[in-house]
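The values are calculated or read from the model by the stated rules, or taken from the named source; none is laboratory data. Worth saying up front: this structure is predicted, and the values here are computed from it rather than measured. Backbone-built Cβ (ideal geometry, glycine too); neighbour counts: all protein chains shown.
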């Protein structure tokens, strides 16, 4: 499959190729999740698929870099992102605040990137134990994809580095509230000298994305891949593309995080002007970082597409300040962003409601933590 380099080929390949493939793989994982014996684990697994499908949909667009092996790339992306979303639910909506528990759970993400790694009892620090082999099956699916990957020797170190950042973040941000900021700030200091100028909360955002992993795995399937390209891809996506990705995620969640008393990295900007300036800085740096990669037009569309996905979220409409800044971001980042935004805005309002399921049974902790999406009346101004 040829890598798309314009809006129309990107839209066509995504709608007719990527999304149906993602939904097929997710359907299989949903069926397996429904058979998990423990009701709490079953509920969180089903909820993570039901409410976070768009994570797999968006990440899987990077599989278009994989040439004829794009379906293999999607299979890996869906399995790995499903692990991420499932564990996020277990940490966000659990009564556990034990960092050892969070680290044990997220060890599965490192094992998923290590063919032949021996699986562990990932639930050993929590009461809920029996998932019927669900998490192990996800890990093995990723391992199988990487066992057959032609460039694993070249991308493996970068995959482990990015996953290490991600897993550390999940531990630090889910502990007791009074411990979170000191841990995150101390963690940032260990890397500060090797980073461009940024704050501790921006660094945390940069570590919270899986896009760099998906990009490396997908482009690594191509015959012309090299160690130098692996390095350039990692340096392009981390920190700038990944940082922009997660800052947008927190940006649209501000109101519900404020009401829920949850950590949100956007709360630490001095004011709205500083936040807008830093968002644009991340956007501009992301654009510069991908300009020297193969298929730069594709990566530019990825950057603008992720802006569109988040800024078209229904939650934006309920937050006047967020909606106003979203409108500015769309105008300042150009016509491609507007194209994707309008497509995403209508797509979500036509199709999301149709596929939104009832709350799965057995989710005692989910009821308080579930983020409710409000219907939107109009796009951002």
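Structure notes:
- Tallying residues that are assigned to a loop (DSSP other than H, G, I, E, B) and modelled with pLDDT of 95 or more within the range 292-312 yields 3.
- Single residue of 197, 128 found to be modelled with pLDDT under 95, surrounded by fewer than 20 Cβ atoms within 10 Å (Cβ to Cβ), assigned to a loop (DSSP other than H, G, I, E, B) and over 20 Å from the mean Cα position of the chain (by Cα): 128
- The condition (being under 27 Å from residue 75 (Cα atoms), touching a helix residue (DSSP H, G or I) at 6+ places or on another chain (Cβ under 7 Å) and modelled with pLDDT of 95 or more) is satisfied by just one residue among 184, 135: 135.
- Any chance residue 289 is assigned to a helix (DSSP H, G or I), in contact (Cβ under 8 Å) with a residue 24 or more places away in the chain and surrounded by fewer than 23 Cβ atoms within 10 Å (Cβ to Cβ): yes
- If you filter the range 258-270 down to residues that are part of a helix (DSSP H, G or I) and touching a helix residue (DSSP H, G or I) at 6+ places or on another chain (Cβ under 6 Å), you find that the one that is surrounded by the fewest Cβ atoms within 10 Å (Cβ to Cβ) is 268.
- When 273, 328, 315 are checked against the criterion of being touching a helix residue (DSSP H, G or I) at 6+ places or on another chain (Cβ under 6 Å), part of a helix (DSSP H, G or I) and either more than 24 Å from residue 62 (Cα to Cα) or at pLDDT below 85 (or both), 315 stands alone in meeting it.
- Residue 119 vs. criteria farther than 15 Å from residue 167 by Cβ, at pLDDT 95 or above and surrounded by fewer than 23 Cβ atoms within 10 Å (Cβ to Cβ): yes
- Listed conditions (1) within 22 Å of residue 104 (Cα to Cα); (2) in contact (Cβ under 8 Å) with a residue 12 or more places away in the chain are all met by residue 157, apart from (2).
- For the range 50-65, filtered to residues that are crowded, with 24+ Cβ neighbours inside 10 Å and more than 11 Å from the chain's Cα centre (by Cα), the residue that is nearest to residue 311 (Cα to Cα) is 61.
- The range 209-248: number of residues that are within 17 Å of residue 302 (Cα to Cα) and at pLDDT 95 or above: 27
- Restricting 69, 103, 93 to those that are out of contact with any strand residue (DSSP E or B) (no Cβ under 7 Å at 6 or more places or on another chain), at pLDDT 95 or above and over 16 Å from residue 21 (Cβ atoms) reduces the list to 103.
A quick yes/no check of all residues on (1) assigned to a helix (DSSP H, G or I); (2) out of contact with any strand residue (DSSP E or B) (no Cβ under 7 Å at 6 or more places or on another chain); (3) farther than 19 Å from residue 241 by Cα; (4) modelled with pLDDT of 85 or more:
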{"position": "279", "(1), (2), (3), (4)": "yes, yes, no, yes"}
{"position": "352", "(1), (2), (3), (4)": "yes, yes, yes, no"}
{"position": "364", "(1), (2), (3), (4)": "no, yes, yes, no"}
{"position": "367", "(1), (2), (3), (4)": "yes, yes, yes, no"}
{"position": "376", "(1), (2), (3), (4)": "no, yes, yes, no"}
